[in-house]
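Student: Next up is a structure, given as structure tokens.
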Amino acid sequence: MRNQIKFYGVSDMSFGPYLTMVVSFLKTLDITKNYYTDINKVLEFYNIIQYAKIKGCSIKDIYKDKVSFIYKQVNLFIAQLDESNFRKYYNKVDSLYYEDFWELIDGNIKTLNLSPLFFKKFLNSKKCWIRYILECKNIVNTYNDIIKQYLLKSISTAEFLVDEIEIEHHFNHKTLYFPEFDTNELNKMFENYINDEKANLNYLQIIPDIKNIKISDKVKLLALKKEKEQSKQLFSNGGGIKIGSEVAFGEFDETMSEEYKDGSLICKYDTKWIKENLDYPTLLNNFIYILKFVDKQMRFTNISKESELGIFEHTLGIHTKGQYLIGMSFRVKQMACYLKMISYIQELEKYEVKINQLLEWFYTTYLKEEFGVDDFLLYMPSEGTNYFEKCRILFPEIDGIIKQFSIFQEYKEIDHDLLEISSSSVPFDNIKSLVKKKYVYSNEEKTRRLFFLLFSNQSMMHYIEKYERHETFFELITKENIPLKDFPDYQQEDLKWLFSQKYIKVNKQGFVKFANIKQIVLMYDLKTNEVINYYHYPIEFRKELDKLIRKDICYFESTLLSKPEVKYLNYYLNDRFVTNGLSLRNRYGHGTQPKKDKEEVHHQNYIWLLYIVILITIKINDDFCLYDEFEKT
């Protein structure tokens, strides 16, 4: 049996193969017959019309008569469709075409003139899927009251609303249209959903953080309690995957070691190094070179990266707009990070060194002696204050660090009179760098296809039967010598594109290799880490970055923090930008923090705030170092 033609969009990977099928179909189509009484043939014609509508697509010109015939067949179907045969046709629709059926009806709803009574009865029939109808704006507007009453009774409505309004969609999402609901209706709807035994844990996790649907805090709290109840039940039955972290300071052969074992990150640090190097610069540098809070380019290492998400973490579950992506790798790194902070602070205290002293020394002494920065002030919480008070003290100090750096960045001095009259805080993404060429990002439009073909294990480019299996095309090309003739036919179109863009070449030995390995290394870095710190690459690589920027494949931004780093800090501090974060600034700044007597919770939050100050300090030091070396005149 011939495969039926389906249109999923120009950017979908099926576009090319289906377009080939459309051409073959049109070549053999017999236009002496009538097809308009065959609903699935009509819907296939409807999909072919979508290909014919594409700007620049030549099939409507090459097969002009046949495309015109297809339009007529679809119109003949609509002309004879009415209440007497509507259900009969609908019952014969192939599952592939349900969405197309309603799309076709939506475009002709005024012509069909289906009565409200008929539509109401049809809507309540067993085989009618409301989601497809909600994709149809004209149908929703025409039968608004009927659809509203149906949705108010349906448990699924809460999920539909969350899907449309709160969930982040990347590909081929079709907008859902709804009647208007008042606050009481929404509260009741979500309350019924939460109390239903079929409530989905994924949605229960999202409801407490809803920003754009007007439901009460009481309903959000109800969802939070139900989510905890379901999670507890899930894990009590042995569900989930065990992950963890271990951090140890002691006498070891190596200064530091980190390894993953059975889902855990095990970190070991030799105390001899600390004992023998108690000077302040080394103790601060330990956050970089021993604890590895940043990599060699001074990029935060503990952030969530898409490249570290597994295939199931990408495809399963749901992610809201503004949600910080949290996978198993991120959870493991966060556990380890917290343990590193606690353990290192305890280790320093053995030698009567306080982390607060290190930080105050950096801003008040080191910046002046090393870079000539006068009057950079920092007042860390004193030892006598409890952790609740320490948390509240640290927030204005974090703002003070950022404001002072921002004033220096603009005026090359710190003017405290100007600082005092500046009442507004500087958002993380608006902190300018001293360095003009700071971060390099990929132009997503220009690199999406390249990144997928070269670095994705979901691309079919990495598999050739006679060669050893590799995870990606990048691995295949770098580790194997493959003649062009060995690539199968289905890979030829993508190979032609890679050749045309000069990413690959055939070398003198006749093997397919990368044309410019330096550019590919840079692309791999961008795909993996989402950003490059420009001056941390050698000059020959920076020249390649300049070429990519001139071609608009990449672009510069000059900020203290990279985009992934801004997201990461907002995860800890600001629920204005991140829906599922710790919201520490909002809690301690707006009086919604945990009770004052919950010292353990405040201690944990204080450790995270110290960690944030350390990260910002590392970035400021890097900025001054780069400015001093490359751009200061």
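The values are calculated or read from the model by the stated rules, or taken from the named source; none is laboratory data. What you see is a predicted model, and the numbers here were worked out from it, not measured in a lab. Heads up, the Cβs are rebuilt from the backbone with ideal geometry, glycines too, and the neighbour counts pull from every protein chain shown. What goes into the accessible areas is simple: the full protein's heavy atoms, side chains included, and nothing from ligands, DNA or RNA. Shrake-Rupley method; radii C 1.70, N 1.55, O 1.52, S 1.80 Å.
Student: Indicate the gyration tensor shape class of the range 43-166 (rounded, prolate or oblate), computed on the Cα atoms with a ≥ b ≥ c the square roots of the eigenvalues: a/c under 1.5 is rounded; otherwise a/b larger than b/c is prolate and the rest oblate.
Tutor: Judged from the Cα gyration tensor, the range 43-166 comes out prolate (a/c at least 1.5, a/b above b/c).
Student: Distance in nm between label sites at residue 20 and residue 563, each 7 Å beyond Cα in the beta-carbon direction?
Tutor: 3.4
Student: Once you put a point 7 Å from the Cα of residue 138 and another 7 Å from the Cα of residue 155, both along the Cβ direction, what distance in nm separates them?
Tutor: 3.5
Student: Given a cut-off of 30 Å, name the pairs among 174/333; 268/403; 137/446; 6/551; 198/321 whose C-alpha atoms lie farther apart than that in the structure shown.
Tutor: Long pairs (Cα-Cα over 30 Å): 174/333; 268/403; 137/446; 6/551.
Student: Follow-up. Can you give me the long-range amide H partners of residue 320? Hydrogens built in the peptide plane at 1.01 Å from N, cutoff under 5 Å, separation of 5 or more residues or another chain.
Tutor: Distant-sequence amide H within range of residue 320: 168.
Student: Can you give the extra length, in nm with one decimal, that the chain gains between residue 33 and residue 423 once fully stretched, where that is 0.36 nm per residue apart less the Cα-Cα distance?
Tutor: Values: separation 390, 0.36 × 390 = 140.40 nm, distance 7.66 nm.
The span from residue 33 to residue 423 would gain 132.7 nm if fully extended.
Student: Through the Karplus equation 6.51 cos²θ - 1.76 cosθ + 1.60, θ set to phi - 60°, convert the phi angles of the range 272-288 into ³J(HN,Hα) values in whole Hz; use x for Gly and Pro.
Tutor: 4, 4, 5, 4, 8, 9, 8, 5, 4, x, 5, 4, 6, 5, 4, 5, 8
Student: Pop out the ³J(HN,Hα) list for the range 52-68 in order, Karplus 6.51 cos²θ - 1.76 cosθ + 1.60 with θ = phi - 60°, rounded to Hz; leave Gly and Pro as x.
Tutor: Running phi through 6.51 cos²θ - 1.76 cosθ + 1.60 with θ = phi - 60° gives 5, 7, 5, 4, x, 7, 8, 5, 5, 8, 5, 10, 3, 5, 6, 5, 4 Hz.
Student: With label points built 7 Å along Cα→Cβ from the Cα atoms of residue 273 and residue 306, find their separation and express it in nm.
Tutor: Distance between label points: 3.4 nm.
Student: Label the range 108-197 by shape, choosing from rounded, prolate and oblate, from the square roots a ≥ b ≥ c of the eigenvalues of the Cα gyration tensor; if a/c is under 1.5 it is rounded, and otherwise prolate applies when a/b is larger than b/c, oblate when it is not.
Tutor: oblate
Student: With a 1.4 Å probe and every protein chain left in place, work out the accessible area per residue of the chain in Å², rounded to a whole number.
Tutor: In whole numbers, the chain has 53 Å² accessible per residue.
Student: Now for a separate question. Tell me the Rg and the Dmax, in Å, that the Cα atoms of the range 476-543 produce.
Tutor: In Å, with Rg to one decimal and Dmax whole: 14.1, 42.
Student: Given 0.36 nm per residue, what is the gain on full extension from residue 375 to residue 260 after removing their alpha carbon distance, in nm?
Tutor: Net length gain for the segment: 37.0 nm.
Student: State the answer as a single residue: which of 212, 515, 484 lies farthest towards the positive end of the charge dipole of the chain, with beta carbon charges of +1 for Lys and Arg and -1 for Asp and Glu, about the Cα centre.
Tutor: 484
Student: Starting from the amide H of residue 177, placed 1.01 Å from N in the peptide plane, find each other amide H under 5 Å away whose residue is 5 or more places distant or on another chain.
Tutor: 135, 136
Student: Taking R0 as 25 Å, what FRET efficiency do you get between residue 446 and residue 630 from their Cβ-Cβ distance, rounded to the nearest 0.05?
Tutor: So, using R0 = 25 Å, E works out to roughly 0.40.
Student: Apply the a/c threshold of 1.5 to the C-alpha gyration tensor of the range 97-151 and tell me whether it is rounded, prolate or oblate.
Tutor: rounded
Student: Same structure, new question: Using every pair of alpha-carbon atoms in the range 1-113, split the distances into 5 Å bins beginning at 0 and state the percent of pairs per bin, rounded to integers.
Tutor: All Cα pairs considered, the percentages come to 2, 11, 23, 25, 19, 13, 6, 1, 0.
Student: Shifting gears a bit: Which percent of the accessible area of the chain is formed by carbon and sulfur heavy atoms (probe 1.4 angstrom)?
Tutor: 49
Student: Which of the residue pairs 53/211; 296/563; 305/438; 272/598 have a Cα-Cα distance greater than 28 Å in the structure shown?
Tutor: As for pairs spanning more than 28 Å Cα to Cα, those are 53/211; 272/598.
Student: Just report the Cα centroid separation between the range 32-51 and the range 148-178, whole Å.
Tutor: First find each Cα centre; the distance between them is then 30 Å.
Student: Please give the contour-minus-distance gain from residue 547 to residue 345: 0.36 nm per residue of separation, less the Cα-Cα distance, rounded to one decimal in nm.
Tutor: 68.2 nm
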